[in-house]
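First comes the structure, then the notes that go with it.
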Amino acid sequence: MKRTIRVAFADQHRGFDKEKNDYLPLLKKHYDVIVTDKDPEYLIYSVFGSDHLNYDCVRIFYTGECITPDFNECDYAAGFDHLEFADRYLRFPYYLFHGYEKEYLSLRERPVFTKEDLAAKEGFCSFVVSNCFAQDKRTELLETMESYQPVASGGRYRNNIGGAVKDKIAFSSKYKFAIACENASYPGYITEKIVDAFASRAVPIYYGDPLAAMDFNPDAFINCGEYENFDAVLEAVKKIDADEELYLKMINEPPVKEYLNPDAFENFLVYIIEQDYKKAFRRPDSMYTRAKAESIQRHAFYEKHIHTILKRASNQLKRIQSGTMLSRRRTR
């Protein structure tokens with residue numbers, strides 16, 4: 001007989017399904033799970049709101065965004081930062097979850113990339129971005145590469161192929177290089193973007209995590225963080241592009257230095273739940289943490305019911321202005 005646990009979800013992305021999501025299969029391997037907002041034992045929450053403060057249970061924070069967990073609000077967290085915090089924290093990059101782990105693990109065994117494979121490439125470089133709200137470094141990097149040769153843009157943002165592509169990896173596989181740009185540059189914050197580039201058998205031109213070489217082989221990608229500016233990055237790209245042997249050497253390098261365990265988050269959840277329930281609480285309970293939570297909750301109505309509506313309208317206007325409204329489908 002499996003143990004029954006009561007689980008709630010809060011502050012997830014729009015469209016999140018409480019009855020069908022990536023957390024439940026992990027939990028249901030080990031437990032009979034009741035999803036309920038009424039007296040849950042465990043809460044799994046993310047960054048999109050402050051409803052988690054309404055739950056007096058064990059709080060587990062997970063983020064796929066560039067944000068550091070607030071351990072005054074959560075008992076446990078999984079995120080991007082390279083930090084250690086007793087048993088309360090797990091570093092679990094986004095490329096290990098939500099299906100991206102399959103592409104990540106596929107990088108372990110890849111056939112040798114040959115001159116014939118290189119000859120089959122159709123163009124110079126790909127760029128697949130649909131989010132028009134992130135740092136404009138991506139635009140700067142794109143325009144720098146375009147000053148050398150045309151870049152095929154297959155996302156909704158700056159699209160130049162007539163519409164958003166259905167399969168990012170298949171699209172990028174046609175090109176020698178792939179721009180892989182994070183939404184922000186922050187130590188440890190690295191998502192599926194570089195994995196997608198590797199999976200497409202293109203050389204990633206990567207901008208984002210300045211510590212990316214801790215996760216991925218620095219000889220296998222162009223790390224913009226190692227160069228003074230994007231013009232210097234372009235000079236490195238030109239050198240690789242002009243030298244067939246250098247390109248083949250680089251693209252055949254093992255992409256990953258040491259593989260992380262995609263099951264680590266599942267194991268983390270089980271560890272939390274298998275503890276004595278009363279002893280599983282870790283967050284501090286003091287006059288200061290309570291005062292901060294009360295302050296946030298006082299502003300919650302405005303944030304949720306007024307500011308959110310205004311922000312959505314503003315975002316739609318920006319999508320129209322940037323041309324990203326050509327398709328509502330998000331490319332992977």
**OP:** Of all residues in the stretch 226-243, count the ones that are exposed (fewer than 15 other Cβ atoms within 10 Å of the Cβ) and either touching a residue at least 24 places away in the same chain (Cβ under 8 Å) or not in a loop (DSSP other than H, G, I, E, B) (or both).
**Re:** 7
Original post:
For the stretch 8-70, which strands (runs of 3 or more DSSP E) that fit wholly inside it have 1 or more residues that are closer than 16 Å to F92 by Cα, touching a strand residue (DSSP E or B) at 6+ places or on another chain (Cβ under 6 Å) and at pLDDT 95 or above?
Top reply: 42-45, 58-62
Original post:
Could you say whether any residue in the stretch 199-220 is charged (D, E, K, R) and more than 24 Å from E109 (Cβ to Cβ)?
Top reply: yes
Original post:
Does S185 fit the bill of being farther than 25 Å from L118 by Cβ and surrounded by 14 or more Cβ atoms within 10 Å (Cβ to Cβ)?
Top reply: yes
**OP:** From the list I296, I309, pick out the single residue that is farther than 23 Å from G123 by Cβ, of a type in the set (A, V, I, L, M) and either touching a helix residue (DSSP H, G or I) at 6+ places or on another chain (Cβ under 8 Å) or in a loop (DSSP other than H, G, I, E, B) (or both).
**Re:** I296
Subject >> Subset tally (residues that are of a type outside the set (D, E, K, R) and without any contact (Cβ under 8 Å) to a residue 40 or more places away in the chain) for the stretch 300-328 >> reply: 14
Subject >> Any strands (runs of 3 or more DSSP E) falling wholly within the stretch 73-180 and containing at least 2 residues that are over 30 Å from T289 (Cα atoms) and either among the hydroxyl-bearing types (S, T, Y) or touching a strand residue (DSSP E or B) at 6+ places or on another chain (Cβ under 8 Å) (or both) >> reply: 123-127, 151-153
Subject >> Neighbours by Cβ (under 6 Å, 6+ apart or cross-chain): first from the stretch 266-277, touching a residue at least 60 places away in the same chain (Cβ under 8 Å) and surrounded by 13 or more Cβ atoms within 10 Å (Cβ to Cβ); second of a type outside the set (G, A, S) and not in a helix (DSSP H, G or I) >> reply: F268/L90; V270/H30; I272/Y76
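Residue by residue, here is whether (1) closer than 14 Å to K174 by Cα; (2) without any contact (Cβ under 8 Å) to a residue 24 or more places away in the chain; (3) of a type in the set (A, V, I, L, M, F, W, C) holds:
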position	(1), (2), (3)
E103	no, no, no
S106	no, no, no
R110	no, no, no
V128	yes, no, yes
F133	no, no, yes
Q149	no, no, no
Y157	no, no, no
Subject >> Within the stretch 181-194, considering residues that are of a type in the set (A, V, I, L, M, F, W, C) and assigned to a loop (DSSP other than H, G, I, E, B), the one farthest from L83 (Cα to Cα) >> reply: A184
Subject >> Filter result for the condition that a residue is farther than 22 Å from A77 by Cα, surrounded by 13 or more Cβ atoms within 10 Å (Cβ to Cβ) and not basic (K, R), over A300, A293 >> reply: A300
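The values are calculated or read from the model by the stated rules, or taken from the named source; none is laboratory data. Keep in mind that what you see is a predicted model, and the values were worked out from it rather than measured. For neighbour counting, all protein chains shown are included, and Cβ atoms are generated from backbone atoms with ideal geometry for every residue, glycine included.
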